Amino acid sequence: MKVIKNSVILSQDYIPESVIGREEKLNELGELISGSDVSSTFVVRGNPGTGKTLIGKTLLKRLKGFRGAYVNCYINQTDRSIISTILDNPNIRLPEIGNTRAESLASILFKELKGRNNLVVLDESQSLKKAHGQIVYLLSRSRELGGPEIKLVLLSMEEPEMYLDRSTLSGIGKYNRISLKEYDANDLFKIISSRAALGLYEGAYTNGAISRISELAEESGSARVAIELLRNSALYAETRNVFLDEEAVLQAYRDFSPPLEDSSLINLEEDEILLLRSLLESVSTENRFKTSSIKDLDRNISDSKMYKFLKTIEVSGLVKKSRIGKGYSGGVENEYVLRVPPKVLLSKLSLMEKARKLPES
Ligand SMILES: Nc1ncnc2c1ncn2[C@@H]1O[C@H](COP(=O)(O)OP(=O)(O)O)[C@@H](O)[C@H]1O
Ligand SMILES: [Mg+2]
């Protein structure tokens, strides 16, 4: 039976008209951006699938008085490629060489953006840590540097303290920050109900299927996971010629692994990748491990390094704390569960390591 009416609606890139449960935050942000404010950098932090990209793109769509630009910083990491994405004009030639000073790129950017209301959204901005660029500094201080007014929105999985240097941080202020909570089953139900209503045939799916998906995805708190499970379940039902009901969801869930974003791994240092590799090779069959498991993998690791590693893989969505432990003599013993099958992640790591070995282009 035909289940899927429009597969575009079931893709992650689809931008829905209504942003469920986040309208208040969106309006608040929109007003802050439009109203003149002393500081003009805004930070939206949230774990994967909490609606950051949706919020950024919706702001660009709704704030019509602005010249908007959207940049995915995982794809565009260097100052040069970020600036050329913002300018989005093949006729503007940026200096060729890689080591052009950021200031000379900035002067081209500032000249082009002059005299307009500019809104720049930098998505996946935690990816900027590795590039050691100056783009956030330049955009957030455009006025001080003699440039035009630029409103800057940083979307990231991590707090800016994790990926920006001190001089940049001191310019962006602490007060224009929004933290997105993970979605609960209720939110997820509303989100995928409206997706299903648009993307699936009426009568081809049951309400029970939708609530089952919401419950299964609640642990991740991620709309991305819920939508992916909806899509997989719909495909499952369609290929087997059955209704999309609870049973179809449960069947599809058996082979389901949550989508994993490359950008969640980018900030791992070389030695942390090695550590992650040995962790993956050693986890139990239930995909669980404890804080002290890290110590078992590397006897010499310092506590601060260990907690930073755990924090990084937790924020990135690779693992989730499943139990918060009491302190023991060596620190706090938490329990974690991997959210991605070790095999999937190991092959991803291999690909990443290969890519790193290739010379930078
Ligand atoms: N509040 C919401 N209402 C409707 N759809 C949502 C909402 N939040 C997220 N989504 C959808 O879930 C998917 C993941 O959201 P996204 O904005 O990409 O999350 P993030 O950028 O935080 O990882 C997207 O397809 C998005 O359209
Ligand atoms: Mg995103």
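The values are calculated or read from the model by the stated rules, or taken from the named source; none is laboratory data. Keep in mind it's a predicted model, so treat the numbers as computed, not measured. Backbone-built Cβ (ideal geometry, glycine too); neighbour counts: all protein chains shown. In case anyone asks, the SASA skips ligands and DNA or RNA and just uses the protein heavy atoms, side chains included. Shrake-Rupley method; radii C 1.70, N 1.55, O 1.52, S 1.80 Å.
With the convex hull constructed from alpha-carbon coordinates only, region 245-361 shows a mean projected area of 9.3 nm² over all directions.
When you restrict to C-alpha pairs under 8 Å that are six or more residues apart and normalise by the size of the chain, the relative contact order lands at 20 percent. Of all lysines in the structure, those lying under 27 Å Cα to Cα from Lys290, and not within fewer than 8 positions of it along the same chain, are Lys181, Lys305, Lys308, Lys311, Lys320, Lys321, Lys326, Lys343, Lys348. For the chain, the Kirkwood hydrodynamic radius comes to 22.3 Å, computed from all pairs of different C-alpha atoms.
So if a site counts as exposed when it's one of the trypsin sites (Lys or Arg not before Pro), its DSSP state isn't H, G, I, E or B, and it has at most 15 other Cβ atoms within 10 Å, what's the longest stretch of the chain without one?
Numbers: sites that count: Lys2, Lys64, Arg93, Arg101, Lys114, Arg116, Lys130, Arg143, Lys174, Lys181, Arg299, Lys326.
In the chain, the maximal stretch lacking such sites is 182-298.
Spread over its residues, the convex hull of the C-alpha atoms of region 23-179 is 110 Å³ per residue. In plain terms, if you count all Cα to Cα distances in region 182-254 and split them into 10 Å steps from zero, the share in each step is 24, 60, 16, 0 percent.
Summing +1 for each Lys or Arg and -1 for each Asp or Glu among the other residues whose beta-carbon sits under 15 angstrom from that of Asn89 gives +4.
Qualifying chymotrypsin sites (Phe, Trp or Tyr not before Pro) in region 149-198, where qualification requires a DSSP coil assignment and no more than 14 other C-beta atoms within 10 Å, comprise Tyr175.
Whenever you get a sec, compute what percent of the accessible area on the chain sits on carbon and sulfur atoms (1.4 Å probe). Walk me through the numbers on the way to the answer.
Values: 9200 of 18390 Å².
C and S fraction of accessible area: 50 percent.
Relative to one another, the C-alpha centroids of region 120-172 and region 43-103 are positioned 11 Å apart. Remark on Gly325: its backbone amide H falls under 5 Å from those of Glu333, Asn334, Glu335, a criterion applied only to residues 5 or more positions apart or on other chains, H modelled at 1.01 Å from N.
Give me the 1.4 Å probe accessible area per residue for the chain, excluding ligands and nucleic acids, in Å².
It amounts to 51 Å² per residue over the chain.
Here is how the number arises for the chain: DSSP H runs of 4 or more residues each give -39500 (n - 2.57), the sum is divided by the residue count, and the result at 222 nm is -13500 deg cm²/dmol. For region 67-151, taking Cα atoms only, Rg and Dmax work out to 11.8, 32 Å respectively.
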